[in-house]
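Accompanying notes for the structure given below.
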Amino acid sequence: MPATTAQAFWTLAPGQGALREEALPPLGDDDVLVRNRFSAVSRGSESLVFNGQVPPSEHARMRAPFQAGEFPGPVKYGYAGVGTIEQGPEALLGRTVFCLHPHQDRYVIPAAAVVPLPDDLPAARGVLAANMETAVNGLWDAGPRPGDRIAVIGAGVVGTLIAYLCARIPGTRVELIDIDPDRAALAAALDVPFRDPGSAGGDADLVIHASGNPDGLRHGLELAGHEALLVEMSWYGTQPVSLPLGEAFHARRLTLRSSQVGTVSPARSARWSHRRRLALALDLLRDERLDALIDGESDFADLPTLMPRLAAARGALCHRLRY
């Protein structure tokens, strides 16, 4: 018998989550039924959602593609699932796909919303696709060039992926900077030079900030060279951020630019769709060394008790859920 119900994770109120049973809608001609195999918890935006820190002004813009409910809750949120097609068009049956869907064991969505994984990409690593897509969009916004001195601040998942990609541009001098010395092993696994904030080189042509900490952003302004660009990847929710823009910011003619994955970078939007960008992100994940970005795995059933700890953790990497 085809599945008719599903279990989904909901944030009921700030700091409180639960699994809920819900009915699956009937399958339309252009729909697929996906059985989730893995999903990942985003330590940035999902923590802000779970803790009720999405500003009212951003409630509409922060909606995930298949979100249900409203902020601050109850809300079903998330966007990093890898599953198997159980029902749908014959060409997709049995395929392993990525979908920007909340944490749920089965779901019905339009076939156009899933992107098949490359045949040589393990499903368990595919949960990093949303992070890689964010990194790709950030680099399109940043425009790194051969020979650039590039400082990447914050060795979380997105920051590390950005440094990993930048280091593969010919002639670049990349430094991945973090206050946690244990991140040196992660950087070494990906052949990226690591520095603590005190030993960072400075005079950078490009600075990319992804630590989620305002102190890191302020340090980025110090590392930027004359007429350099600083791209801000972190999102702070309701947290206010102050910057020393009265010091040498103007004299050095620095540029501070935001980056957000919800919109394809203007540098590529004329030719790239969200789907094409996501397919690129999946292709870029085929390097097995990227498994180092997964620092834990738990059963989906444990998420209600696990999520408060994940949302409070600082300096953690990607936590994967298995179904």
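Screening V207 against (1) surrounded by fewer than 20 Cβ atoms within 10 Å (Cβ to Cβ); (2) more than 30 Å from N36 (Cβ to Cβ) leaves a single unmet condition, (1).
When the residues of the stretch 109-148 are filtered to those that are assigned to a loop (DSSP other than H, G, I, E, B) and of a type in the set (A, V, I, L, M), the one that is surrounded by the most Cβ atoms within 10 Å (Cβ to Cβ) is L128.
It is to be established whether one or more residues within the stretch 241-259 are closer than 18 Å to A130 by Cβ, within 22 Å of the chain's Cα centre (by Cα) and in a loop (DSSP other than H, G, I, E, B). Yes, the stretch 241-259 contains a residue that is closer than 18 Å to A130 by Cβ, within 22 Å of the chain's Cα centre (by Cα) and in a loop (DSSP other than H, G, I, E, B). A Cβ distance below 6 Å, combined with a sequence gap of six or more or placement on separate chains, defines the contacts here; from the stretch 227-242, residues that are surrounded by 16 or more Cβ atoms within 10 Å (Cβ to Cβ) reach residues that are among the polar types (S, T, N, Q) in the pairs L229/T255; V231/S259; E232/S258; M233/S259; G237/Q53. Residue count for the stretch 269-301 under the criterion of being loosely packed, with under 13 Cβ neighbours inside 10 Å and touching a strand residue (DSSP E or B) at 6+ places or on another chain (Cβ under 8 Å): the result is 2. Within the stretch 33-46, the set of residues being out of contact with any strand residue (DSSP E or B) (no Cβ under 8 Å at 6 or more places or on another chain) and either small (G, A, S) or at positive phi (or both) comprises S42, G44, S45.
So which of A91, A80, A68, A64 is touching a helix residue (DSSP H, G or I) at 6+ places or on another chain (Cβ under 6 Å) and at negative phi?
It is A80.
Counting only residues that are aliphatic (A, V, I, L, M) and either surrounded by fewer than 20 Cβ atoms within 10 Å (Cβ to Cβ) or not assigned by TED's automatic domain parsing to the domain that holds I294 (or both), the stretch 90-108 holds 4 of them.
When you check P146 against the structure, is it over 21 Å from A224 (Cβ atoms), free of Cβ contacts under 8 Å to residues at least 40 places away in the same chain and out of contact with any Asp or Glu (no Cβ under 7 Å at 6 or more places or on another chain), yes or no? Here the answer is no, as P146 does not meet what is asked.
Filtered by the rule that a residue be in a loop (DSSP other than H, G, I, E, B), surrounded by fewer than 24 Cβ atoms within 10 Å (Cβ to Cβ) and not charged (D, E, K, R), the stretch 153-191 gives A167, I169, P170, G171, T172, I179, P181, L190. Residues that are in contact with a Lys or Arg (Cβ under 8 Å, 6 or more places away or on another chain) and either crowded, with 16+ Cβ neighbours inside 10 Å or within 24 Å of R173 (Cα to Cα) (or both) within the stretch 243-267 comprise just one, V264.
The values are calculated or read from the model by the stated rules, or taken from the named source; none is laboratory data. In this text, all values refer to a predicted model and were calculated from it rather than measured experimentally. Glycine also receives a Cβ, built like all others from the backbone with ideal geometry; neighbour counts cover every protein chain displayed.
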